[in-house]
Every structure is written in C-alpha cells, then in structure tokens.
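Visitor: I'd like to ask some things about the structure below.
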Amino acid sequence: MNIVADIGNSQIKIAIERKNGISRVKAFRSDDFKNIRKYLKALDYDSKPYLFYSSVLGTNYDKKLIKVLRSFFEKITAFKPTRSLLSTTNSYKKASSLGSDRWAQIVAAKSIFKKDCVIVSCGSAVSIDCVTKNGTHKGGLLMSGAERYINCFSDIHNLKNIKLTQTKKNNLLQTDTAEQINVGYLTMISASVHKVYEEFKKNTKSKPTIIVSGSYARQIASYIEINTLAEPFFVLKSLAFIKRSL
C-alpha cells in the first residue's frame, strides 16, 4: 500500500493510493503531527506502506516531517519538479523553481486527459498553468489565495472579521459587504481563468479542458462559464497517478 501526501503552506492532505485513484483523504494543519500519527496508526495494512509526497515548505520542514513519521513507512520519497517527466516538459528555466504540487498536476493532467489542459490550483496562492496534449508546459499565472485576499481588508475597521464563505448568491452586484468581497474574489479569479483559456484556445486551436483543484475548487468552478472539472484533491490524485506510472 502507498500513501500520498500534499504538503501545502498551511495544510497537509493525506490519502491512500488506490488502483483507480485515492481514498480516505484527510487534511491536517501542517504542524499537527500528533493527529497525523493517529491517522497513520489507524490504517489497516499488513506491511509498512510507502510515502510519496509533494511539499512546498522546504528542506527543514521535510526533515522534521520525515523524522516524525519515519517509523510508519518502509520508504519515504519526495516528488520534485524535473526538466521532464512522462513525456511532459517543464517550461521554467530552472526546473526546480516550479512548485512540486503544480508540476505533479501538470504532468498528470496531460497524461490522464490526453488533451490541452488548463489547471487552476486554489491554495495559499492561486496558480493557472497550461499544458498541451503533447506535453509542453506553456507557463502560467500566480495570484493571491483566498486567505491572503481576505487579509488585505484586515486593517479596515468594519471589515476586520470578514470571512470568505461558500456563497450561493450568483448575482454580480451585491448589497451586502461580505457578499461583495466574496463575489469580487470569485470574479477576479474566474475572469483570469477565462482570459488564459481564451488565449490558450486561440494558440492551440482547440477547446482545452479546465481542471480546478484545491479548497475552493467547487466554488470557483461554479463561476467559470466554461465546462470545468472541480477536483479538490487533484494534487493527491496526480501524485497517485505518477507513483503508479513510474
């Protein structure tokens, strides 16, 4: 049995790799080693599993994580960005500068969908990446994530406690400040996705597939006026796919 883990800036998401995907997905704070260990102890396996993970927190955190979790695993392997993988080419001049979570999704999207793809990843930051069906990463955009967007209102007295919520109101113009902030964020992200999609569509002369991943995947996908796949755990699914394919 293999375990895959997506280590972001504020959360660790863990799942069991299955033949056709993942199961038993669980999210923890990045420093919540106590409950991560409890989760691993509760898993039913005959022999120690392998851990295949992506991390954006750097070497020092990774060393600490491995020290805490080493006893649970037969082997622990970090997924790293490379110049190429599974017939997909990294567009960055320095391949290692691209986040490993983004690289995993780029590689998996091309291989799974076999189409031109736009991957929108909604975490601490929002990234938009384009990859052709032939495996060429064309680059992307990087924008503020939901929490950082909300923090920009924190020094405004009446907006200190504003939260970004799962709004169900789809009207563009709102008469409530909290809803205006919600819809403003969704409009900002979806408009950027539309612009990238149209440019990519023009250049490839195709209709790319849009995959939206991360905590706000379903909410943001609902604001995109093009057929979109909401895959909240696409990083984990990508890691599981890559592990099976290597």
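The values are calculated or read from the model by the stated rules, or taken from the named source; none is laboratory data. Please read these numbers as outputs of a predicted model, since none were measured by experiment. Here the Cβ is made from the backbone with ideal geometry for all residues, glycine too, and neighbour counts use every protein chain on show. Note: areas computed on protein heavy atoms with side chains; ligands, DNA, RNA excluded. Shrake-Rupley method; radii C 1.70, N 1.55, O 1.52, S 1.80 Å.
Visitor: Kindly provide the set of residues from the range 26-64 that are open to solvent by 40 Å² or more (accessible area, probe 1.4 Å), hydrophobic (A, V, I, L, M, F, W, C) and over 23 Å from the mean Cα position of the chain (by Cα), ordered by number.
Guide: Residue satisfying the conditions is ALA42 alone.
Visitor: Can you run down the residue pairs with Cβ atoms below 9 Å, 6 or more apart or on separate chains, where the first is in the range 183-209 and farther than 16 Å from ILE119 by Cα and the partner is aromatic (Phe, Trp, Tyr) and part of a helix (DSSP H, G or I)?
Guide: Taking only residues 6 or more apart or on different chains, the pairs are GLY184/TYR149; TYR185/TYR149; MET188/TYR149.
Visitor: Does ILE106 qualify as being in contact with a strand residue (DSSP E or B) (Cβ under 8 Å, 6 or more places away or on another chain), modelled with pLDDT of 95 or more and among the β-branched types (Val, Ile, Thr)? Give the derivation first.
Guide: On the way: in contact with a strand residue (DSSP E or B) (Cβ under 8 Å, 6 or more places away or on another chain): yes; modelled with pLDDT of 95 or more: yes; among the β-branched types (Val, Ile, Thr): yes.
In short, yes.
Visitor: Hey, among ALA78, ALA125, which residue is at pLDDT 95 or above and either surrounded by 23 or more Cβ atoms within 10 Å (Cβ to Cβ) or not β-branched (Val, Ile, Thr) (or both)?
Guide: Answer to the check: ALA78.
Visitor: Is it the case that the range 84-94 has a residue that's modelled with pLDDT of 95 or more, open to solvent by less than 60 Å² (accessible area, probe 1.4 Å), within 19 Å of LYS243 (Cβ to Cβ) and β-branched (Val, Ile, Thr)?
Guide: Taking every residue of the range 84-94 in turn, at least one turns out to be modelled with pLDDT of 95 or more, open to solvent by less than 60 Å² (accessible area, probe 1.4 Å), within 19 Å of LYS243 (Cβ to Cβ) and β-branched (Val, Ile, Thr).
Visitor: Looking at the range 13-25, which of its residues are part of a strand (DSSP E or B) and either of a type in the set (A, V, I, L, M) or surrounded by fewer than 13 Cβ atoms within 10 Å (Cβ to Cβ) (or both)?
Guide: ILE14, ALA15, ILE16, ILE22, SER23, ARG24, VAL25
Visitor: Turning to a different aspect of this structure: Which pairs do you get when a residue that is among the hydroxyl-bearing types (Ser, Thr, Tyr), found in the range 133-161, comes within reach of a residue that is part of a strand (DSSP E or B) and crowded, with 16+ Cβ neighbours inside 10 Å, reach meaning Cβ atoms under 8 angstrom, with the pair 6+ apart or on two chains?
Guide: Listed pairs, sorted by first residue: THR136/THR88; THR136/THR89; SER144/ALA125; SER144/VAL126.
Visitor: Next up: For the range 3-55, give me each residue that is among the polar types (S, T, N, Q) and within 22 Å of SER213 (Cα to Cα).
Guide: Those that are among the polar types (S, T, N, Q) and within 22 Å of SER213 (Cα to Cα): ASN9, SER10, GLN11, ASN20, SER23, SER30, SER54, SER55.
Visitor: Another question, if that's okay. Any residue that is modelled with pLDDT of 85 or more, out of contact with any Ser or Thr (no Cβ under 6 Å at 6 or more places or on another chain) and open to solvent by 20 Å² or more (accessible area, probe 1.4 Å) - is there at least one of those in the range 163-172?
Guide: Looking only at the range 163-172, we keep the residues that are modelled with pLDDT of 85 or more, and these are 172.
Okay, now just the ones that are also out of contact with any Ser or Thr (no Cβ under 6 Å at 6 or more places or on another chain), so 172.
From what's left, open to solvent by 20 Å² or more (accessible area, probe 1.4 Å): 172.
Checked against the condition, which is being modelled with pLDDT of 85 or more, out of contact with any Ser or Thr (no Cβ under 6 Å at 6 or more places or on another chain) and open to solvent by 20 Å² or more (accessible area, probe 1.4 Å), the range 163-172 yields at least one hit.
Visitor: Among the residues of the range 198-231 satisfying the criterion of being part of a loop (DSSP other than H, G, I, E, B) and modelled with pLDDT of 95 or more, which is least open to solvent (accessible area, probe 1.4 Å)?
Guide: Looking at the filtered set, the residue picked out is PRO208.
Visitor: Does VAL68 satisfy the criteria of being assigned to a helix (DSSP H, G or I), out of contact with any Pro (no Cβ under 6 Å at 6 or more places or on another chain) and open to solvent by less than 10 Å² (accessible area, probe 1.4 Å)? Even if it seems obvious, please write down each step before you answer.
Guide: Numbers: assigned to a helix (DSSP H, G or I): yes; out of contact with any Pro (no Cβ under 6 Å at 6 or more places or on another chain): yes; open to solvent by less than 10 Å² (accessible area, probe 1.4 Å): no.
In short, no.
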